[in-house]
1. What number do you get for the stretch 210-295 when its Cα radius of gyration is normalised by 2.2 N^0.38 Å, N = residues?
2. Calculate the dipole size of the stretch 97-174 relative to its Cα centre from +1 charges on Lys and Arg beta carbons and -1 charges on Asp and Glu beta carbons; express the result in debye to the nearest 20.
3. Going by average Cβ neighbours within 10 Å, how do the peptides 132-138, 115-121, 307-313, 68-74 rank, with the highest at the top?
4. Determine, for Leu142, Leu406, Leu107, the number of other Cβ atoms within 10 Å of each Cβ, and report the residues in order from fewest to most.
5. Taking 0.36 nm per residue of separation and subtracting the Cα-Cα distance, what length does fully extending Arg259 through Asn242 add?
6. Starting from the Cα gyration tensor of the stretch 110-267, take the square roots of the eigenvalues, sort them a ≥ b ≥ c, and report rounded, prolate or oblate (rounded when a/c is under 1.5, otherwise prolate if a/b is larger than b/c, else oblate).
7. If you average the sequence gap of Cα pairs under 8 Å that are 6 or more apart and divide by the length of the chain, what percent do you get for the contact order?
8. In square nanometres, what is the average projected area of the Cα convex hull of the stretch 1-160?
Amino acid sequence: MRGSLPEKFDIVVAGAGVAGAMIAKRLAASGYSVLLVDRKPERLLGKKVCGDAIGLHHFKNIGMEIHENFIRNRVRGVKIYSPNTRTVFSIQGDGVVLERERFGRFLIKSAVNSGAEVRTSTYATKPLVNGDSVIGVELFDLKRRHVYRVYARIVVDSTGAVATLRRRLPRKFWASEEVSIEDYNIAYREIRVLDSEIEEIDFMSIYLSNTIAPGGYWWIIPRSKYEINIGLGVQMREKYPNPKINFYRYIVTKSIFNRSRILHSGSALVPTRRPIAAPVANGFVAVGDAAMTANPIHGGGIGPAMMSALLASRAIEHALDEGDPSIENLWSYPLNYMRSYGAKQAALDIFRLFLQKLEDDDLNYGMEKRLITEEDVYIASTDGELRISTIDKAMRVLRGLTRPSLLFKLKLVAEYMYALKMHYYNYPSSPREFPRWYNKGENLLAKYLSKLYS
């Protein structure tokens with residue numbers, strides 16, 4: 001407590017990133033008392049090491065207009081390069097590169113203007129649990145070096161990939177689902193100013209290579225004619241390389257970076273798997289990266305974070321209006337998220353596990369021979385499926401005769417992507433049905449992995 005009496009709010013939101021700020025704004029605007037806390041000092045709010053790119057469809061999906069003040073650059077697609085760079089897939093799709101700090105601060109200011117209280121330099125250390133319910137959160141004031149407790153009807157974990165509160169829930173809570181270290185990437189990123197103009201300012205570039213970026217990729221995202229967002233992410237598998245070392249060993253040595261200068265640099269943890277299966281509990285909700293909502297293939301998290309915030313805020317309003325912040329009254333959040341976004345992300349997790357297993361020679365061959373095509377990548381990214389016609393299958397068999405095992409694995413991937421997607425579409429309508437559904441999904445994944453690694 002700060003004073004003589006315990007502090008109580010309707011909602012406490014830990015983490016003032018995109019998801020946390022959006023949820024705080026929406027709930028404060030609806031008349032609820034909201035406390036939004038973030039461990040960063042006020043001057044650093046809105047800053048995050050990120051690719052800063054987002055497809056425009058994400059804003060359309062949540063009914064939000066993006067102001068030009070928050071747009072650094074507009075892009076019309078991404079180019080994906082094979083490890084030897086001889087094959088390039090061009091995937092169309094309108095997007096923007098955000099002024100991330102400005103956008104983040106705008107969302108926080110909107111929360112304040114709607115009535116939320118914001119406390120900076122304040123770290124959420126653990127959830128307060130009473131029996132089967134979360135009843136508040138323990139906070140640490142980094143300036144005063146003071147620990148105190150705040151009580152709430154609902155606590156929201158928006159602390160990012162570290163999921164500070166979700167991971168510290170009792171094991172009996174479904175939301176405490178453990179995540180393998182291999183389901184994360186660790187990335188190093190810089191903002192650089194180049195000495196010469198970028199050739200294609202309206203296309204982002206992704207470079208695949210399990211030599212340079214094992215289990216991940218490196219990227220160039222144009223911010224202007226001379227300024228780029230450039231980084232490298234690696235899967236946190238056993239003996240994974242330091243991404244900064246590989247960045248300077250393989251990337252910065254290229255001639256395009258001669259006489260370039262660094263404006264900003266940093267590292268980030270990126271979730272790259274299907275969403276947490278049940279990101280809710282009595283009095284508790286996890287959103288954004290804390291709920292593992294980022295895209296499993298490329299780690300893009302802004303759009304899914306916004307959608308999770310929208311759906312979670314609706315569920316929270318419903319629960320509070322009912323006077324019962326139970327898991328049953330919060331269940332519409334995971335139900336609607338899984339059916340709108342999560343099913344596709346679960347399918348992409350199948351694809352991600354396949355790609356991370358491939359050697360560079362397989363990637364080069366598969367892209368060059370079009371065993372995986374640009375259309376496959378586009379449909380997988382939008383619908384979460386690999387759709388291959390009978391005629392196309394025959395053509396791919398002919399092209400892939402020298403690597404039959406790769407063709408077999410591709411067929412396996414398509415089969416299990418569809419199966420897991422359908423499983424998530426059939427997300428249980430109530431918590432009572434969840435254990436059976438969850439076990440079925442885990443068994444499905446176990447079968448896939450046993451065949452993939454056989």
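Laboratory data are not the source of any read-out in this text; all were calculated from the coordinates shown. Model, not experiment: these values are computed from the prediction. Quick reminder, even Gly has a Cβ in these numbers, built from the backbone with ideal geometry, and neighbours come from all protein chains shown.
1. On the way: Rg = 16.7 Å, N = 86, 2.2 N^0.38 = 12.0 Å.
It is 1.40.
2. Values: 16 positive and 7 negative charges, 43 e Å.
That gives a dipole near 200 debye.
3. 307-313, 132-138, 115-121, 68-74
4. Details: Leu142 14, Leu406 19, Leu107 23.
Result, fewest neighbours first: Leu142, Leu406, Leu107.
5. On the way: separation 17, 0.36 × 17 = 6.12 nm, distance 2.42 nm.
Taking Arg259 through Asn242 to full extension adds about 3.7 nm, to one decimal.
6. Working: a/c = 2.89, a/b = 1.85, b/c = 1.56.
Taking the square roots of the gyration eigenvalues as a ≥ b ≥ c, the stretch 110-267 is prolate.
7. Numbers: 970 pairs, mean separation 71.0, N = 454.
16 percent.
8. Mean orientational projected area (the stretch 1-160, Cα hull): 12.8 nm².
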